[in-house]
Amino acid sequence: ARDRHNGPRKEASSNPKPTSKSTPNQSGVWWRLGLGGAGSGTSNLLRKATPVVEVAMEDSAKEYEVSHRELVELFGLQPRHLRIFSHPNAAAGVISYGPMLLFKIEHLKGFLFYDRVMVFDANNPAVRAFVSTLRASIRRNLLVPAKEKQPFEFVLIECLLDEVAAFYESSLSRVE
C-alpha cells in the first residue's frame, strides 16, 4: 500500500543509523528497504548511489546516500524518470509525480514534497551553498507571524529561482 506522502510503506529498521540501503521518511525514522545486492542483474543506472541532503520544513537537515534503485522502490518511479538526474545534458524542468515534484534546474536536482526536499549531489559546493541559503530562508519564514508565513514549497521555489537567476547572471558576466 502506498502512503499518500511518503511512497510505499516499509518495515521499520531496528538500526536507526543510516546505511546505504536506508532512507528516512518525513519524521526522520530510517526505513529498511531490503533490496537485492549488486549481483541482482540491475542496470548501472539503478545501482548508482547519490549523496543527498534532505531539508525539512522545520529546518532540520540529514545527509545520506541513496541509490537509484532505492528511489525506484521507495517512490514507485520508473528508471526513465531518473535519467534527468544521471545525465548531465538532460533537459531542465519540473515534473509532477504523485505527491512530489521532481526538479532539475541547472546544477540543482531533487524531489520536493509538501514538508521536505531531497536535493541530490550533496557533495557539490554549489549545492551546499544552495542548501545554506534555503535553510536561512526557512529560518526567516519560521520567525514571521503565522498569517504571513509562506508554505514550505513557496520558500523552496523562491530559493530555486534566486539560485537559477544568480547562475545565469554569473554565466552571462563570463560571456561578456
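Points worth noting:
- Residues that are over 18 Å from Thr50 (Cβ atoms), exposed (fewer than 12 other Cβ atoms within 10 Å of the Cβ) and of a type in the set (Lys, Arg) occur at least once in region 155-176.
- Once region 87-100 is narrowed to residues that are touching a helix residue (DSSP H, G or I) at 6+ places or on another chain (Cβ under 8 Å) and either among the polar types (S, T, N, Q) or open to solvent by 50 Å² or more (accessible area, probe 1.4 Å) (or both), the residue that is farthest from Leu112 (Cα to Cα) is Ala91.
The values are calculated or read from the model by the stated rules, or taken from the named source; none is laboratory data. Since we're looking at a predicted model, the values are computed, not measured. We place every Cβ from the backbone using ideal geometry, glycine too, and count neighbours over all the protein chains shown. Just the protein is used for accessible areas: all its heavy atoms, side chains included, with ligands, DNA and RNA removed. Shrake-Rupley method; radii C 1.70, N 1.55, O 1.52, S 1.80 Å.
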